[in-house]
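Throughout, read-outs are computed from the coordinates displayed, never taken from laboratory work. This one's a predicted model, so the numbers in the text were calculated from it and none came from an experiment. Heads up, the Cβs are rebuilt from the backbone with ideal geometry, glycines too, and the neighbour counts pull from every protein chain shown.
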Amino acid sequence: MIWGVLQFPGSCDERDALHACTVATTGLGAIGRTGDTSSSTTLRSRLVWHEETDLSGFDGIVVPGGFSYGDYLRAGAIARFSPTMTAVAEFAAAGGPVLGICNGFQVLCESGLLPGALLTNESTRFICRPGELIVGESDSPWLSELETGERISIPFKHQSGRYFAPPEMLKEVEANGQVAFRYAEGQNPNGSLNDIAGVTNEAGNVLGLMPHPEHAVDPLAGTTDGLKIFRGPDGVTVG
Amino acid sequence: MISVRVLIRPKEGILDAQGKAVESALPALGFEGIEHVRVGRIVELRADDDQRLDELCEKLLANPLIEDYEIEIL
């Protein structure tokens, strides 16, 4: 897979995300493993500056974590208007796999590509710690390497991660099987409705989640469960 | 040009974590008998006219899922 990882002013997890894409696709770069160094996908996956509008040639897009535009106004509110987000919407409409992590999840919600909104954590505090998720019933390609009900370990790292959707919208998200991940019992770190940690669009090709799979790709980090998410859309065709 | 002030607040019924934090700090500072603190924000701007102010609020200044806004022409 050839990946494009967006980079806004204020992004901070884009290099980890690109690394995770590379490790997931080629095995290259993971400590203690040998990868396919000849793979051209390794070289062609790259960061995409937020002013770029041509995403042709990419097989998957990641909207990374961080603090795009300083998170002024609301997290993700201004990044939504970046030139590249129009291209991301087109890429998603064509069936392209799009993954939004943390701030990227907020950007996708603000863009209307995903349902709901992310509010300040109930505690108002920034949290950063290991945590566990339960895989939902979604049949999203992002979950193709995971089983419904499977428990995975993915770090939590955010201050505005409280998932909210108005009652009708929440009902639809649940009924459509759009809940990709829930926080494991007793681990909801932010007051998210229905323990929701990640949702997809109706088609399933766009996934957003607050926890950070890109920080869970190397045994040194204590978990490599993130790789299962990044490997999910392998083989999905765009357009 | 007109001067405009937009008041944006969390929707009623949504837990306002900031408001709650402020409220819970008040007793320690000796303020008693204060409740239901809500924290929003004010955006001031100047515009040629008021034609697209609602659209501006819906699309950028507020997120209608979680926030209410009031437009005041000064």
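Listed values, structure above:
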{"item": "Cα coordinate range in the protein assembly as shown, projected on the principal axes (Å, largest first)", "result": "64, 46, 35"}
{"item": "For q = 0.16, 0.17, 0.22 Å⁻¹, Debye-computed log10 I/I(0) when each Cα of region A:52-132 counts as one equal scatterer", "result": "-0.62, -0.69, -1.05"}
{"item": "D_trans [Stokes-Einstein, Kirkwood Rh over alpha-carbon pairs] for region A:155-199, 25 °C, 0.890 mPa s, µm² s⁻¹", "result": "225 µm²/s"}
{"item": "Derived scalar couplings ³J(HN,Hα) [region A:60-67; Karplus, 6.51 cos²θ - 1.76 cosθ + 1.60; whole Hz; x for Gly, Pro]", "result": "x, 10, 10, 9, x, x, x, 9"}
{"item": "Summed side-chain charge close to A:Arg46 - residues other than A:Arg46 whose Cβ falls under 14 Å, Lys, Arg +1, Asp, Glu -1", "result": "-2"}
{"item": "Where only alpha carbons of region A:125-239 are counted, the Rg and the Dmax (Å)", "result": "13.6, 43"}
{"item": "Selection of GluC sites (Glu not before Pro), region A:162-194, meeting DSSP coil and at most 14 other Cβ within 10 Å", "result": "A:Glu185"}
{"item": "Calculated from backbone phi, Karplus (6.51, -1.76, 1.60) coupling profile of region A:150-164 in Hz, x at Gly/Pro", "result": "5, 9, 10, 9, 9, x, 9, 7, 6, 10, 10, x, 7, 5, 9"}
{"item": "Neighbour cut-off at most 15 other Cβ (10 Å), DSSP loop, chymotrypsin sites (Phe, Trp or Tyr not before Pro), region A:54-127", "result": "A:Tyr72, A:Phe126"}
{"item": "Eligible lysines near B:Lys20 by straight Cα distance, threshold 16 Å, same-chain separation 8 or greater", "result": "B:Lys11"}
{"item": "Distant-in-sequence amide H partners of A:Ser11 (H built 1.01 Å from N, under 5 Å)", "result": "A:Phe67, A:Tyr69"}
{"item": "Sorted largest first, extent of region A:48-199 alpha carbons per principal axis (Å)", "result": "43, 33, 31"}
{"item": "Extreme residue, positive dipole direction of region A:117-173, given options A:Ala117, A:Gln159, A:Gly149 (C-beta unit charges)", "result": "A:Gln159"}
{"item": "Placed amide H near A:Ala197: partners under 5 Å, 5+ positions off or other chain", "result": "A:Phe181, A:Arg182, A:Tyr183"}
{"item": "Residue order, fewest to most surrounding Cβ atoms within 10 angstrom, among B:Ile8, A:Ile101", "result": "B:Ile8, A:Ile101"}
{"item": "Cleavage-rule hits (trypsin sites (Lys or Arg not before Pro)) in region B:1-58: DSSP loop, at most 12 neighbouring Cβ within 10 angstrom", "result": "B:Arg52"}
{"item": "For chain B, radius of gyration divided by Kirkwood radius, i.e. Rg to Rh on alpha-carbons", "result": "1.10"}
{"item": "³J(HN,Hα), Karplus 6.51/-1.76/1.60, whole Hz, each residue of region A:111-126, x for Gly, Pro", "result": "6, x, 7, 10, x, x, 8, 10, 9, 4, 3, 3, 6, 6, 9, 6"}
